[in-house]
Amino acid sequence: MNLSHVFESIESVEFETFFAVIDNVRIFDSYLGKHEILIDLIEQAKNDSRIIDEISRHVLELGKDNETIQFQHRHDIPIAAYLFVLRKTKLVTAFLSANALANIPNFWWASKIAKSIVEEVSHGTSATSATPANEPSQSSVTHSGTGKMIYSFPSIKKTTLEKTEYSSLARVS
Amino acid sequence: MNRSIGAQLIDPAKKIYTRSGWEIPQVAKLPRNPKLVGLQSKISKQWRQNPEIRSTSNFPYNCVGMVFASRRAYIEIDHVLNILKYDYYKRIERSMVMVGDVVLYKNEKEITHVGLIVQVSTLGSTKDFKVLSKWGEEGEFLHFLEDVPEPYGETTEFYTERFWEEQENELVARL
């Protein structure tokens with residue numbers, strides 16, 4: 001799979017134009033799940049964790065590409081799509097990526113998908129292998145009107161593997 | 001006048017209410033970058049042959065804000081049913097629709113969109129409608145009833161405030 005071509009498609013004006021007409025977050029989520037490019041990417045990512053790592057790195061890079069906070073983040077819809085893919089493939093990575101983007105104030109759709117990730121983690125439906133240490137306590141996210149994600153994070157006890165993942169994400173940012 | 005405030009932000013601190021006094025929740029949504037809006041308009045014109053673009057403002061109101069708040073608010077679509085209820089709207093049959101009435105779109109029971117009926121054409125017993133509505137972050141479109149993006153769905157319901165007295169009495173009686 002040529003990941004850079006996939007990224008180009010997701011970050012294309014055509015992709016954003018399709019999703020830009022939607023107002024209902026559940027419909028937005030539903031249509032992300034029906035989009036061929038994302039279905040394919042999810043399938044590939046489930047079989048290759050390097051793709052997941054690459055997506056999470058790419059999400060952080062896109063997040064930093066924020067010309068002005070006067071306007072909605074220029075990559076809001078693609079970032080929402082990537083977070084959706086991460087949510088479907090590896091919830092812990094999705095959560096960490098959402099966490100890393102939490103201070104960016106001018107998201108709209110990305111913050112709604114991030115909220116869904118946090119809620120999924122709170123309900124304990126983790127995609128990681130079940131270990132007793134990984135029991136998230138209650139987390140919450142509030143969504144300020146401007147789209148800023150304001151999290152109080154659960155105290156997830158990370159396994160050694162997840163600590164490594166978190167460190168690698170932190171190095172990127 | 002402070003044009004930068006007027007042009008940039010919808011202010012949810014300025015409350016708006018339905019006729020029965022229910023406060024309509026608003027959200028402060030940032031406008032989209034005008035460069036991106038311009039690019040999307042080009043794509044939109046290629047994709048959408050029939051719907052007529054009325055305006056492509058990046059001012060951050062949505063379909064609900066256009067219909068119920070004069071383009072001065074972004075109101076989450078989830079609040080539409082409450083607005084209809086507390087503004088004394090009544091659901092009506094297609095045969096009773098007039099200009100100025102509201103059309104609600106649904107996709108598998110999810111409310112997806114709302115628009116304003118601006119033209120009614122009758123051919124025999126069939127009524128055709130033209131609708132003015134704001135398509136998400138795109139512009140305002142003038143379109144036939146069924147000529148909407150796929151995510152909006154195919155189910156439509158019609159509402160009017162023309163029978164507001166009847167609705168008001170019903171609501172008061174229930175309280």
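Read the figures in this text as sums done on the coordinates, not as results from a lab. Bear in mind the structure is a predicted one, so any value in this text is a computation, not a measurement. FYI the Cβ positions are ideal-geometry reconstructions off the backbone, even for glycines, and counts take in every protein chain you see.
Cross-link partners among lysines for residue B:109, C-alpha distance below 27 Å, same-chain residues fewer than 8 apart left out?
Within reach: A:34, A:88, A:112, A:115, B:29, B:85, B:90, B:127, B:130, B:134.
Test of understanding: ordering A:77, B:92, A:117 by Cβ neighbours within 10 Å, fewest first, what list do you get?
By the 10 Å Cβ count, ascending: B:92, A:117, A:77.
Okay, helix-only estimate at 222 nm for chain B: each DSSP H run of n ≥ 4 adds -39500 (n - 2.57), divide by all residues, round to 500 deg cm²/dmol; what do you get?
-7500 deg cm²/dmol
Place the peptides A:11-23, A:85-97, B:123-135 in order of packing, highest mean first, counting for every residue the other Cβ atoms within 10 Å and averaging per peptide.
Highest mean packing first, the order is A:85-97, A:11-23, B:123-135.
Could you derive backbone 3J(HN,Hα) for the stretch B:132-140 from the dihedral phi with the Karplus parameters 6.51, -1.76 and 1.60 (θ = phi - 60°), listing whole Hz in sequence and x where the residue is Gly or Pro?
Going residue by residue, I get 10, 8, 9, 9, x, 8, 7, x, 8 Hz, with x marking Gly and Pro.
In whole Hz, what ³J(HN,Hα) sequence does the stretch B:16-29 give by Karplus (6.51, -1.76, 1.60; θ = phi - 60°), x for Gly and Pro?
For the stretch B:16-29, the Karplus curve yields 10, 10, 7, 4, 8, x, 6, 6, 7, x, 10, 10, 8, 10 Hz.
What dipole magnitude, in Debye to the nearest 20, does the stretch B:85-150 give about its Cα centre under +1 on Lys/Arg Cβ and -1 on Asp/Glu Cβ?
420 debye
Using only the alpha carbon atoms of chain B, find the Kirkwood hydrodynamic radius as the inverse mean reciprocal pair distance, in angstroms to one decimal.
17.2 Å
Determine which lysines satisfy two conditions relative to residue B:35: a Cα distance under 17 Å, and not lying fewer than 8 residues away in the same chain.
B:45
Can you list the aspartates and glutamates whose alpha carbon sits under 13 Å from that of residue B:15, skipping same-chain ones fewer than 8 residues off?
Hits, sequence-local ones excluded: B:23.
Over 17 Å apart: what share of the alpha carbon pairs of the stretch A:1-96 falls there, rounded to a whole percent?
Of the Cα pairs, 48 percent sit more than 17 Å apart.
What's the average, rounded to a whole number, of partner chain beta-carbon atoms within 10 Å of each residue's beta-carbon in A:74-83?
Mean inter-chain Cβ contacts per residue within 10 Å come to 1.
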